[in-house]
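The values are calculated or read from the model by the stated rules, or taken from the named source; none is laboratory data. Here the structure is a predicted model, which is why all the values come from computation and not from measurement. Neighbour counts run over all protein chains shown; Cβ positions are idealised from the backbone, glycine included. Just the protein is used for accessible areas: all its heavy atoms, side chains included, with ligands, DNA and RNA removed. Shrake-Rupley method; radii C 1.70, N 1.55, O 1.52, S 1.80 Å.
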Amino acid sequence: MENKLKVQIWSDVMCPFCYIGKRKLEDALSQFKNKDAVEIEWKSYQLDPNFIASANENTVDHLAKKYGKDKEWAESMVQNTAQQAKTVGLDFHFEKAILANSFNAHRLAHLAKKHQVGNELEELLFKAYFTDGKDVNDLDTLIELGLKVGLGQEQIEQVLHSNAYGSEVLADIKMAKEIGVQGVHFFVFDNKYAIS
């Protein structure tokens, strides 16, 4: 039996540093001669599990309110993050971002993981939010992304119109708390070594 290095990544699709971290990991793996022996498993985490989107709220206003800072601080934060993204080939458009609760996106990600297309869906979710300005809590958007990675429309709709995989999302978040995750992205290698 082939030995695999298992890398578990706790992440939220609303986290810009998670997308940047994903790209950095992929770059590192591309230079690793045993990259085929590395297995990536995405784990759910929510930066703000109780978040309810407001139609008028944008990223800058949300950050300023969340951290108790002024709008200029939030604009600088967004610009700096977009600049960091460019260094790894990502094009962030925070001005188009639609704030959303990520719980349904995580449920769909669990379905994708079951069908071995979890990494592909994570990429599309990140791109949808940070680059394309799509609502990752919108059912039509989630169906479209699920179809793009090869999931069947009927199975996607069954998940999204039920509570399927909700307990798996909550179990990932509970496990994160138990192992001391306080922010994401958070990597665990072979259930032994953790890197925040």
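Here Glu95 meets each of (1) in contact with a helix residue (DSSP H, G or I) (Cβ under 9 Å, 6 or more places away or on another chain); (2) modelled with pLDDT of 95 or more; (3) surrounded by fewer than 15 Cβ atoms within 10 Å (Cβ to Cβ); (4) part of a helix (DSSP H, G or I) with one exception, condition (2).
Give the residue that is modelled with the lowest pLDDT, with candidates limited to residues of the range 31-52 that are under 17 Å from Phe187 (Cβ atoms), open to solvent by 70 Å² or more (accessible area, probe 1.4 Å) and not in a loop (DSSP other than H, G, I, E, B). Going through the qualifying residues, I end up with Lys35. Of the candidates Ala85, Ala105, Ala55, the single residue that is open to solvent by 60 Å² or more (accessible area, probe 1.4 Å) and either of a type in the set (A, V, I, L, M, F, W, C) or within 19 Å of Glu157 (Cβ to Cβ) (or both) is Ala55. Taken over the range 164-188, the criterion of being open to solvent by 50 Å² or more (accessible area, probe 1.4 Å) and either in contact with a Pro (Cβ under 7 Å, 6 or more places away or on another chain) or closer than 21 Å to Gln116 by Cα (or both) is satisfied by Ser167, Glu168, Leu170, Ala171. One residue stands out among those in the range 71-92 that are assigned to a helix (DSSP H, G or I) and acidic (Asp, Glu): the one that is nearest to Glu26 (Cα to Cα), which is Glu75. Taking each residue of the range 180-194 that is over 11 Å from Trp10 (Cα atoms) and looking for partners that are open to solvent by 50 Å² or more (accessible area, probe 1.4 Å) and basic (Lys, Arg) with beta-carbon atoms closer than 7 Å, six or more apart or interchain, yields Asp190/Lys6.
Scan the range 154-163 for residues that are aliphatic (A, V, I, L, M) and open to solvent by 30 Å² or more (accessible area, probe 1.4 Å) and the total you get is 0.
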